[in-house]
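Novice: Quick one: this structure, given as structure tokens, is what I'll be asking you about.
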Amino acid sequence: MTENYFQNKTVCVTGAGRGIGQSLTLKLAKLGAKVIAVSKTNEHLKELIAQDNSITPVCVDLADWNATKEAIKPHLPIQLLVNNAAVAILDSFLDVKPEDFDTLFNVNVRSIICISQEIARDLIERKLPGSIVNLSSQASAAALKDHSVYCSTKAAVDGLTRVMALELGPHQIRVNTVQPTVVLTDMGRIGWSDEKKAAGMLSKIPLNRFAEVEDVVDPIIFLLSDKSQMINGVALPIDGGFLAT
């Protein structure tokens, strides 16, 4: 990667308060980027700023379309965007509730459209290039028990990414997605602490391990960087070979 690529670049990371988003935000700041960290939980943002006070916090609920647009406007232009924020509400297909469907699609899909529209319109007006990375999941391409709505949202993210790449590409704005397997964030470690449950998933991963946070952070940084200038509209599995089996 070009050593100084992120110097003087403004990057926005959603879902920055925890897990992948937090680690990604801190690493981008260390690479010299001006980072806009978006989270709906102010306490998480305070903890983030305590680790690196160069980061700019934005506290907003991404499920609120108008509030999100207003919150991001003062920070434009933003050349690099990572749509990482997501929620998971798990239930069997027969027990899916309409309010859970709305919550998952509002955060996991609609918020990507909302914030990406605001940032892309501004870049087009200024004639600036950009790169957007959307966080999908192996769940976009493989059925997981009790994940019917979550899987649906991630499949929607992949489809949305391809159309964004098609329409924004002529403006030199690249759009790609990554598809991680289970990631050992704090929440991931708790969710997959049951050895029997973990063994079932690990048996389907040729590398026989789950992803560490850095396994996801580094490919995202690559897709944001000048080392991936001809990569557009790609869904990159980060799954140890899960989707190859």
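The values are calculated or read from the model by the stated rules, or taken from the named source; none is laboratory data. In this text, all values refer to a predicted model and were calculated from it rather than measured experimentally. All Cβ positions, even for glycine, are placed from backbone atoms using ideal geometry, and neighbour counts span all protein chains on display.
Novice: Kindly evaluate residue 163 against the criterion of being touching a Leu at 6+ places or on another chain (Cβ under 6 Å), outside any loop (DSSP other than H, G, I, E, B) and either at pLDDT 95 or above or among the basic types (Lys, Arg) (or both). Give the steps one after another, and end with the answer.
Specialist: Values: touching a Leu at 6+ places or on another chain (Cβ under 6 Å): no; outside any loop (DSSP other than H, G, I, E, B): yes; either at pLDDT 95 or above or among the basic types (Lys, Arg) (or both): yes.
Considered against the rule, which asks whether it is touching a Leu at 6+ places or on another chain (Cβ under 6 Å), outside any loop (DSSP other than H, G, I, E, B) and either at pLDDT 95 or above or among the basic types (Lys, Arg) (or both), residue 163 comes out as no.
Listed here are the residues, each with its yes/no results for (1) surrounded by 17 or more Cβ atoms within 10 Å (Cβ to Cβ); (2) out of contact with any Cys (no Cβ under 9 Å at 6 or more places or on another chain); (3) part of a helix (DSSP H, G or I).
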{"site": "22", "(1), (2), (3)": "yes, yes, yes"}
{"site": "36", "(1), (2), (3)": "yes, no, no"}
{"site": "54", "(1), (2), (3)": "no, yes, no"}
{"site": "58", "(1), (2), (3)": "yes, no, no"}
{"site": "71", "(1), (2), (3)": "yes, no, yes"}
{"site": "104", "(1), (2), (3)": "yes, yes, yes"}
{"site": "107", "(1), (2), (3)": "yes, yes, yes"}
{"site": "116", "(1), (2), (3)": "yes, yes, yes"}
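Novice: Consider only pairs whose beta carbons are under 8 Å apart and that are at least six residues apart or on different chains; among these, list those whose first residue lies in the range 97-122 and is of a type in the set (D, E, K, R) and whose second residue is surrounded by fewer than 18 Cβ atoms within 10 Å (Cβ to Cβ) and at pLDDT below 95.
Specialist: 97/91; 100/89; 100/91
Novice: Would you say residue 205 is in a loop (DSSP other than H, G, I, E, B), in contact (Cβ under 8 Å) with a residue 12 or more places away in the chain, surrounded by 20 or more Cβ atoms within 10 Å (Cβ to Cβ) and not small (Gly, Ala, Ser)? Outline the logic, then answer.
Specialist: Values: in a loop (DSSP other than H, G, I, E, B): yes; in contact (Cβ under 8 Å) with a residue 12 or more places away in the chain: yes; surrounded by 20 or more Cβ atoms within 10 Å (Cβ to Cβ): yes; not small (Gly, Ala, Ser): yes.
Yes: the conditions hold for residue 205.
Novice: For the range 169-177, does any single residue satisfy the condition of being surrounded by fewer than 13 Cβ atoms within 10 Å (Cβ to Cβ) and not in a helix (DSSP H, G or I)?
Specialist: So the first thing to find is which residues in the range 169-177 are surrounded by fewer than 13 Cβ atoms within 10 Å (Cβ to Cβ), and the list is 170.
Add one more test, that the residue is not in a helix (DSSP H, G or I), and what stays is none.
Within the range 169-177, none of the residues are surrounded by fewer than 13 Cβ atoms within 10 Å (Cβ to Cβ) and not in a helix (DSSP H, G or I).
Novice: Just give me the residues in the range 86-95 being assigned to a loop (DSSP other than H, G, I, E, B), surrounded by fewer than 23 Cβ atoms within 10 Å (Cβ to Cβ) and either touching a strand residue (DSSP E or B) at 6+ places or on another chain (Cβ under 6 Å) or in contact (Cβ under 8 Å) with a residue 40 or more places away in the chain (or both), in sequence order. Walk me through it before giving the result.
Specialist: If we filter the range 86-95 for residues that are assigned to a loop (DSSP other than H, G, I, E, B), which is where we start, we get 86-90, 92.
From what is left, the residues that are surrounded by fewer than 23 Cβ atoms within 10 Å (Cβ to Cβ) are 87-90, 92.
Scanning the range 86-95 gives 88, 89, 90, 92.
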